[in-house]
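> Please find one structure pasted underneath; my questions will follow.
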Amino acid sequence: MTAPPDPFASVVTARDVYDATRETQQEVRRALDRLDTVDQTLAEMARVQREHRERLDAIDRWRYAIPVASISAVVSAVAAIIIALLSVI
């Protein structure tokens, strides 16, 4: 029976360390590029959400203003009719 190879018997050269470092740098760069892409996408989504929120707020302002304006118009019309009738009498 032969003995299993010793995992610590190999020699690690400076070139091996350099190559491993370069691979790690490339992986980090790719990860940072993906993070930049995600950040840009999130910023765009936030901008679109702000625009939609502003539009919804504008619609809400109109929606709440219309009933008040309608009631005011009806009251003004009734008051004008009453004043017109009272001035005739």
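The values are calculated or read from the model by the stated rules, or taken from the named source; none is laboratory data. Quantities reported herein were computed from a predicted structural model and do not represent experimental measurements. Heads up: the accessible areas ignore ligands, DNA and RNA and are worked out on the full protein's heavy atoms, side chains in. Shrake-Rupley method; radii C 1.70, N 1.55, O 1.52, S 1.80 Å.
> Here is a check on your reading of the model: is Leu35 at pLDDT 95 or above, part of a helix (DSSP H, G or I) and open to solvent by 90 Å² or more (accessible area, probe 1.4 Å)?
yes
> Sticking with this one: Identify, by number, the condition in (1) open to solvent by 100 Å² or more (accessible area, probe 1.4 Å); (2) assigned to a helix (DSSP H, G or I) that Thr2 doesn't meet.
Just one mismatch for Thr2, condition (2).
So that you can scan it fast, the table gives a plain yes or no per residue for (1) modelled with pLDDT of 90 or more; (2) among the hydrophobic types (A, V, I, L, M, F, W, C); (3) open to solvent by less than 100 Å² (accessible area, probe 1.4 Å); (4) assigned to a helix (DSSP H, G or I):
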{"residue": "Ala46", "(1), (2), (3), (4)": "yes, yes, yes, yes"}
{"residue": "Arg55", "(1), (2), (3), (4)": "yes, no, no, yes"}
{"residue": "Ala58", "(1), (2), (3), (4)": "yes, yes, yes, yes"}
{"residue": "Trp62", "(1), (2), (3), (4)": "no, yes, no, yes"}
{"residue": "Ser70", "(1), (2), (3), (4)": "no, no, yes, yes"}
{"residue": "Val75", "(1), (2), (3), (4)": "yes, yes, yes, yes"}
{"residue": "Ala79", "(1), (2), (3), (4)": "yes, yes, yes, yes"}
{"residue": "Ile82", "(1), (2), (3), (4)": "yes, yes, yes, yes"}
{"residue": "Leu86", "(1), (2), (3), (4)": "no, yes, no, yes"}
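> Something else about it: So is Ala20 open to solvent by less than 80 Å² (accessible area, probe 1.4 Å) and outside any helix (DSSP H, G or I) or not?
Spelling it out, it is not the case that Ala20 is open to solvent by less than 80 Å² (accessible area, probe 1.4 Å) and outside any helix (DSSP H, G or I).
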